[in-house]
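First comes the structure, then the notes that go with it.
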Amino acid sequence: MTTKPEQRGEATWRGSFDRSADRPISLLVLISSALLSYKRGSNISSSPQAREKQRIMDHAADAHRTDLMTITRHVLNEQTKHAESRGDFTILLSHIVLGCKFVCSAVNKAGLAKLIGLAGETNVQGEEQKKLDVLSHEVFVNALISSGRTCILVSEEDEEATFVDPALRGKYCVVFDPLDGSSNIDCGVSIGTIFGIYMVKDKNEVTINNVLQPGKNMLAAGYCMYGSSCTLVLSTGNGVNGFTLDPSLGEFILTHPNIKIPKKGKIYSVNEGNAKNWDGPTAKFVEKCKFPKDGSSPKSLRYIGSMVADVHRTLLYGGIFLYPADKKSPNGKLRVLYEVFPMSFLMEQAGGQAFTGKQRALDLVPTKIHQRSPIFLGSYDDVEEIKALYAAEESHA
Ligand code: FDP
């Protein structure tokens, strides 16, 4: 008979995740098991009986390690909720996960392998491509095509959409930014991959219109952040879950179950260097963050300049991330399909909001694959405030 860790008197931490069938064992448990084994190991006993007892105990700790909620197990669990599912989506996600692991490994080795540097080409936005951008793009295109489950791919690094060869075609369209925040590569600051998944409307008539759908039609979205740890945050439309790559296992383990963004935050995140060109509502909002008139404390400013990292912090700590329109960039900077939509999808799934300055971000219908949009996303109450400022401006117009 197996006993639960708590029955054996071992420390457990399960966060707010409490599904009776599948409870994750957190990294903390792994670390405490490891520390326990280390302590046991350092207290070497000379008696053979004591050593044998020690050996059995260490195996028990190892057996414990195998009861992990890996991302594959999580997605398979989700799949069982859809009787009609044939596992195609699970296969697609496993290929995305593979791409993330590959890019994570390349990012970690970048300084050593001299991968950093300009590839000598410019991308659609006229930005110089880094070698890692090129590599990440190729990794994801290969991983997605070889899944046999995709039909259209849109990457930030490719001006044109990729239409998968009919022989390898599946029913999903994937939009992605293979390496977002690339200006942060050279200084080792967190960067990431962002992705969104649509279902093709008609597999026999595959046109670009399949990816020019509003964000609310996405089936799933997520990002992988290559930072102090490698974290993959995913929503398949049923809440948001975060997984951390355990490098010793090569597996993403559920470490942030059922992420909910705080209703109101204490942080705002924006490139204030653009302030002189902001519109009225954005300027008023940031002024309110710094000099609140209702007696509340000013908000803190945090801005990394990598969307994945700024959004990840916003999701976990609450607050608002904004990349507004300004006089120089009337449509903002961030791209609708593979930046604004996936992040807005995650925010809504976590209980927050995402607004473009005119409408709910996920209601936007893009007309071009590399279209940009202003974006305000984060805690519900904070986004309500910016919405009220735009509504007030509209009513005075
Ligand atoms: P980057 O240009 O470094 O690739 O859209 C890309 C992005 O980074 C986002 O990740 C980030 O949020 C934003 O641009 C930063 O833009 P600014 O440098 O204008 O603040």
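Just so you know, all these numbers are worked out from the coordinates, no wet-lab data involved. All values derive from a computational prediction rather than experimental measurement. Neighbour counts are summed over all protein chains in view; Cβ atoms, including those assigned to glycine, are modelled from backbone coordinates with ideal geometry.
Quick check: Cα centre of the stretch 151-213 to Cα centre of the stretch 320-345, how many Å?
18 Å
Stretch Leu76-Tyr317 to full length: gain in nm at 0.36 nm per residue minus the Cα-Cα span?
Stretched fully, the Leu76-Tyr317 segment lengthens by 83.9 nm.
Rank by packing, highest mean first: peptides 328-338, 355-365, with packing defined as the count of other Cβ atoms within 10 Å averaged across residues.
328-338, 355-365
Checking the a/c ratio against 1.5 first, then a/b against b/c, what shape does the Cα gyration tensor give for the stretch 271-370?
It comes out oblate by the Cα gyration axes.
Once both labels are modelled 7 Å past Cα along the beta-carbon direction, what's the Lys264-Ile208 spacing in nm?
Using points 7 Å along Cα→Cβ, the separation is 4.5 nm.
Nearest 0.05, what FRET efficiency do Met199 and Glu159 give at R0 = 22 Å with Cβ-Cβ as r?
The computed FRET efficiency comes out at 0.35.
Modelling each spin label as a point 7 Å along the Cα-to-Cβ direction, I'd like the Lys276/Val365 distance in nm, to one decimal.
Label at Lys276, label at Val365, 4.0 nm between them.
With labels modelled as points extended 7 Å from the Cα through the Cβ direction, what inter-label distance (nm, one decimal) is found for Lys216 paired with Val124?
The modelled label-to-label distance comes out at 2.5 nm.
What FRET efficiency would be calculated for the residue pair Ala283, Glu394, taking the C-beta separation as r and a Förster radius of 22 Å, to the nearest 0.05?
Result of the calculation: an efficiency of 0.90.
Under the classification rounded if a/c is under 1.5, otherwise prolate if a/b is larger than b/c and oblate if not, where does the stretch 313-397 fall, given a ≥ b ≥ c as square roots of the Cα gyration tensor eigenvalues?
Cα axes put the stretch 313-397 in the oblate bin.
Relative to 2.2 N^0.38 Å, what does the C-alpha radius of gyration of the stretch 147-187 come to as a ratio? Two decimals please.
1.44
Multiplying the sequence separation of Thr90 and Ser248 by 0.36 nm and subtracting their Cα-Cα distance, what value in nm do you get?
54.6 nm
For the stretch 204-289, run through the GluC sites (Glu not before Pro) and keep only the ones in DSSP coil with at most 14 other Cβ atoms within 10 Å of their Cβ.
Filter output for the stretch 204-289: Glu205.
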